[in-house]
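First the structure, in the form of structure tokens, and then the observations on it.
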Amino acid sequence: MAKVNGLAYEEAGSGPAVVLVHAGVGDRRMWEHQFAALSRRYRVIRYDWRGRGESDDATGEVTHYRDLLGLLDALDVRRAALVGCSMGGSYALEAALAEPDRVSALALISSGLSGHEWPPEFHALVAERVHGCVPEERLRRYALGDAEVDPADVAAMAEAQGRLTVVGPDRDPADLDPRVWRLALDMLRLVFRREWSGPRVLERHSSPGSRLGEVAAPTLVINGLSDVPAIQAVSDLLSAGIPGARRIDLPDTGHLPPVERAAEVTEALTRFLAAEHSG
């Protein structure tokens, strides 16, 4: 592991660059299979968002897609394929719209979309299945950075968040390989521990939803059919709105296909990237 601009990253392999942008419910460890396999053909870079994993704390204002572009600059990467999961997909998309000449291809996996208006039923589901696992007053104090973080609250929130998204609202953790569930819980515990104990941060982002028709990079959309329906609806928006976007739906798959269906996702990315670099 090395750091540049406060961002922890790893790289392996040589050839055209591929950058892996992790999900909001994880860190760069979620790309283990893809990082190893794709580095046989490409220069592969995976990193932790600012304030996540082993990267430095985010302070003041943070713009994650600008961090991504800054990482490319710092590592002397002129042009790269960007592979993003969950909100990492949105940051990859925002980078592609901000500097289209820098992005050779986009793969958006269970992607979020900055500025997207979530339907009321999604907020109700999150309130019922996630927020209710920790008393409201403690959640408020954690959000303000005004309380010592209780490890039991971290564990409870990680499990609730994991059950809803990583597992999916209609499945059980027993439906996952135990190794997948253990990694998901470990990453989520770190997410909430850092969010609740670190500095308060204002995130800046663009609103790419109205600009999907401007995406010039060849795009692959991967969706897990056991993910939360409102999140799957974002994949619908992306695959319909981005010109020429290709789509893969993975059955019995939640919000982290690169972990839960590692081999299938790696194969899909290998085929997609090979087609884009065949010329």
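The values are calculated or read from the model by the stated rules, or taken from the named source; none is laboratory data. Bear in mind the structure is a predicted one, so any value in this text is a computation, not a measurement. For neighbour counting, all protein chains shown are included, and Cβ atoms are generated from backbone atoms with ideal geometry for every residue, glycine included. These accessible areas exclude ligands, DNA and RNA; they are computed on the full protein's heavy atoms, side chains included. Shrake-Rupley method; radii C 1.70, N 1.55, O 1.52, S 1.80 Å.
Taking the protein heavy atoms of the chain in the context of the full set of protein chains, the accessible area attributed to carbon and sulfur is 48 percent at 1.4 Å.
Take each of the peptides 77-85, 125-133, 197-205, 259-267, average the number of other beta-carbon atoms within 10 Å over its residues, and list them starting from the highest.
Order by mean packing, descending: 77-85, 259-267, 125-133, 197-205.
Residues whose amide H falls under 5 Å from that of GLY24, counting only those 5 or more places apart or on a different chain, are MET87, GLY88, with hydrogens built in the peptide plane. Per residue, the accessible area of the chain comes to 43 Å² when a 1.4 Å probe rolls over the protein heavy atoms. Overall size of the range 133-201 from C-alpha positions, given as principal axis extents largest first: 37, 21, 20 Å. Packing, as the average of other Cβ atoms within 10 Å across residues, places the peptides 27-40, 171-184 in the order 27-40, 171-184, highest first.
Net charge of the neighbourhood of GLU11, taken over other residues with C-beta under 9 Å away and scored Lys/Arg +1, Asp/Glu -1, is +1.
In this structure the amide hydrogen of THR253, modeled in the peptide plane, comes within under 5 Å of the amide hydrogens of LEU225, SER226, ASP227, none closer than 5 places in sequence on its chain. Summarising the amide proton neighbourhood of ARG247: residues at separation of 5 or more, or on other chains, whose placed amide H is nearer than 5 Å comprise VAL221. Dimensions of the chain along the principal axes, based on C-alpha atoms and rounded to the nearest Å, stand at 57, 38, 37, largest first.
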